[in-house]
Each structure stands twice: as structure tokens, then as C-alpha cells.
1. Would you kindly calculate the mean projected area, averaged across all directions, of the convex hull enclosing the Cα atoms of segment 1-127, in square nanometres?
2. Using only Cα atoms, locate the centre of segment 1-39 and the centre of segment 41-105, then give the distance between them in Å, rounded to an integer.
3. Quick one: Debye curve from the alpha-carbon atoms of segment 3-71 only, equal weights, vacuum; give me log10 I(q)/I(0) at q = 0.15, 0.24 Å⁻¹ to two decimals.
4. Angle, helix 46-57 long axis vs. longest principal axis of the chain, Cα atoms, 0 to 90°, nearest 10?
5. Compute the angle between helix 132-147 and the longest alpha-carbon principal axis of the chain, please, reported from 0 to 90 degrees and rounded to the nearest 10.
6. If you rank 34, 149, 104 by fewest surrounding Cβ atoms within 10 Å, what's the result?
7. Name the most mobile residue of 36, 61, 127, meaning the one with the largest mean-square fluctuation, in a Gaussian network model of the chain with Cα contacts below 10 Å.
């Protein structure tokens with residue numbers, strides 16, 4: 001199995017990177033949609049319906065599959081012999097940040113369900129602030145992997 005993982009390493013890495021890009025695009029865009037939804041739509045109006053459809057499709061058809069692919073191929077990379085030295089800090093920093101990014105994804109999913117039910121309680125400003133969370137996590141993840149501190 002380890003020989004197969006080593007042979008497939010470049011492919012696993014490429015697919016992982018493409019999935020990360022797609023996931024991050026959604027992670028950055030969905031809170032922005034929430035800002036506009038909270039500030040420009042009223043429950044039941046035409047804008048509300050458009051935002052609901054956009055948010056649903058973004059999460060269901062882009063973000064969820066991307067997150068799954070990130071996890072599957074990321075775990076394949078971790079399982080590849082010689083790639084990760086768990087005695088260093090960087091893999092732990094990345095792992096914690098990826099878990100936090102996954103939590104943020106789930107938090108966004110819960111907010112989408114609130115919008116869909118017409119029960120959003122948060123203002124656009126709060127969504128703007130929360131949109132900084134994935135930026136910080138992305139910085140930690142990229143620096144961890146590239147610099148390997």
C-alpha cells in the first residue's frame with residue numbers, strides 16, 4: 001500500500017491542491033453572500049429566494065464535495081511514507097487549522113439553514129467579521145506546509 005501511495009503522490013497532491021482552491025473559493029464566497037442576503041433581502045421577497053438558491057447550490061454542489069476531496073486526498077498524503085514528520089510543529093499546526101476550517105464550513109452550513117428557514121439573526125457586519133476566520137486559517141496552513149516551521 002505504501003508503494004502505491006508513493007507512486008500516486010504527485011497525483012494525490014495535485015488533486016488535493018485543486019480541491020483546496022475550490023473549497024476556499026466557496027469558504028470565502030458564502031459569507032459574502034450572507035452579508036448581501038442579510039442586508040439586501042427580506043424574508044419571502046424575490047431577493048431572498050435568489051440568495052437561498054445561490055447559497056444552497058454553492059454549499060451542496062461545490063463546497064461539500066470539495067471539502068470531502070480535500071480530506072480524502074489530504075489523508076492519502078499524510079499516509080504516504082516520508083511526507084510528514086509528526087515530530088515537527090508544522091503538521092500539527094496544519095491539522096488543527098484544517099479542523100478549524102472544517103468547523104467553519106459546518107458553521108456556515110448551519111447559518112445557511114437559518115437563512116433557508118427565514119430565521120437569520122445575524123447582521124451583515126458579523127458575517128463580514130467571520131469572513132476573516134478562513135483567511136487567518138489559510139495563512140497558518142500555507143505557512144505551515146511551505147516553511148515547515
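Just so it is clear, none of the values below were taken in a lab; they were calculated from the coordinates. From a predicted model like this one, the values you see are computed outputs, not experimental measurements. Positions of Cβ are backbone-derived with ideal geometry, glycine not excepted, and every protein chain shown enters the neighbour counts.
1. On the way: hull surface 34.5 nm².
It is 8.6 nm².
2. 7
3. Those come out to -0.57, -0.96, one per q.
4. 20
5. 10
6. 149, 104, 34
7. It is 61.
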